[in-house]
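The values are calculated or read from the model by the stated rules, or taken from the named source; none is laboratory data. For clarity, every value in this text was computed on a predicted model and none was experimentally measured. All Cβ positions, even for glycine, are placed from backbone atoms using ideal geometry, and neighbour counts span all protein chains on display. Ligands, DNA and RNA are stripped out before the accessible areas are found, and what is left, the full protein with its side chains, is counted by its heavy atoms. Shrake-Rupley method; radii C 1.70, N 1.55, O 1.52, S 1.80 Å.
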Amino acid sequence: MTNAETVPAILGGQPVRPSGPPGWPGENAEVAAVLRNAASDNSWGKYHGPHCETLKGRIQKLLACEHVHLCSSGTAAVELALRGVKVGMRDEVLLAAYDFKGNFQDVLSVGATPALVDIRADDAALDVSLLSGAISSATKAVIVSHLHGGIVNMPAVMKLAGECGFAVIEDACQVPGAIVYGRPAGTWGDVGVFSFGGSKLLTAGRGGAVFSDRQDVMQRIRLHTHRGNEAYPLSELQAALLVPQCDQLQNRNLRRGRNVRRLKELFAQEAGIRFLETQDAASESAYYKLGMWYDSAAFDGLSRDVFAQAMRHEGIALDPGFRSLHLIHSRRRFREATRLAVADSADTSLLTLHHPVLLGDETALIEIHSALRKIRAHATALRESKSIPRDE
Ligand SMILES: *Cc1c(COP(=O)(O)O)cnc(C)c1O
């Protein structure tokens, strides 16, 4: 190897992937055909047409679920789900302190208060064993998200919900098509949600869906959104783009799953990187982001953020995880329902690998491993370097 190949790209060397990470969405012949058809039959610009109904049918089949309501985003879907189970003023909603920020904001948007619960140290998912101690007399619902390849223990959540009488909103935005304790992700709760945002596994740039077997929940959602016209619509064109992606989902999930297993093999001897592992061997997660715990001690004290930055310069789409919710919101906005020690460390120690590379081949996985070894070999130099901007 030449010197330029062994020096980290962030210090001026040659990147492992000079072309950068694969883009998303990628080329998709079926989606291109949909666009051509929409241009020729003018369905691209019409209020109504067949595509939303076709998409609903695909989602119903994927989930074996009765009712689907399409909407404008995953964030809108979570808000609608909260309204659907009648969360309102003075209610409390439990959620993990490590979760998508929009979920916290959605709880506020319906006038309720988020009550934050700690996560597990293995898979960074909501720690269900803490839930019963976190409940208060105001608890009306829990939002449960399957994140970064982790899977929440839904049978345990549903058992407690049945005993205590709170509703369950299951956020499957990151895991469409995953199997959670034997059922499609999103179908354990009273109501489930998907996102079709521009980075997601099923994408139309924007969009979302709420689904449930409960007629009363869906009726409240329809009453809220239908105002002579839909207030949070998904367009016919968006729906048309999603139909072929639903048909491709299972094969793509299988491919991503295989590549995740292979990547874990490649990383097996690498100290300081620990993948989030699902607790239930029979569950099969889906991978929007592949999460991992980073231990800076195994990298000569190199901070997580600089490590991720250096990997991105190598052409690997590795990013810090979410900020933990209790650290980015005023204490007046939420109740700390348990100690949040693991969520504290998640805030500074989680990394996520973005999914497009997981549809790639073995070479792409080996490149991720090469980049990691290169950064490790230069960890001390990177830690001490004065030329790396720390706040990218
Ligand atoms: C992306 C995402 C959402 C929201 O989806 P948008 O369509 O971007 O509003 C909600 N929850 C989780 C876990 C997500 O990853």
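Using the 1.4 Å probe convention, the accessible area of segment 255-297 works out to 47 Å² per residue with neighbouring protein chains retained.
Residue separation of residue 327 and residue 89 scaled by 0.36 nm, minus their Cα-Cα distance, works out to 83.3 nm of gained length. Suppose R0 equals 30 Å; then what is the FRET efficiency for residue 32 and residue 361 from their Cβ-Cβ distance, rounded to the nearest 0.05? So, using R0 = 30 Å, E works out to roughly 0.85. With the simple spin-label model, which puts each label point 7 Å out from Cα in the Cβ direction, the residue 261 to residue 41 separation comes to 4.0 nm. Taking only protein heavy atoms and a 1.4 Å probe, the accessible area of the chain is 51% carbon and sulfur.
Given the options 344, 216, 319, state which has the largest fluctuation in a GNM of the chain using a 10 Å cut-off (strictly under) for Cα springs. Of 344, 216, 319, the Gaussian network model singles out 216 as fluctuating most. Rounded, prolate or oblate: which fits segment 249-392, taking a ≥ b ≥ c as square roots of the Cα gyration tensor eigenvalues, rounded meaning a/c under 1.5, else prolate when a/b beats b/c? Oblate. Under the simplified labelling scheme, the residue 270-residue 65 pair shows an inter-label distance of 3.4 nm, with each label point 7 Å from Cα along Cα→Cβ.
Axis of helix 362-377 versus longest Cα principal axis of the chain: the two differ by about 60°, to the nearest ten degrees. Helix 236-266 and the longest principal axis of the C-alpha atoms of the chain enclose an angle of approximately 40°.
Taking every DSSP helix (H) stretch of at least 4 residues in the chain, weighting each as -39,500 (n - 2.57) and dividing the sum by the residue count yields a mean residue ellipticity at 222 nm of -11500 deg cm²/dmol.
Counting heavy atoms of the protein chains alone, residue 237 has an accessible area of about 50 Å² for a 1.4 Å probe. Rounded if a/c is under 1.5, else prolate if a/b beats b/c, else oblate: with a ≥ b ≥ c from the C-alpha gyration tensor eigenvalues square-rooted, which is segment 1-150? Because a/c hits 1.5 or more and a/b fails to exceed b/c, segment 1-150 counts as oblate.
Against the chain, whose longest principal axis comes from its Cα atoms, helix 215-225 is set at around 80 degrees.
Could you compute the FRET efficiency for residue 335 and residue 163, with r as their C-beta to C-beta distance and R0 at 22 Å, rounded to 0.05? Approximately 0.55, to the nearest 0.05.
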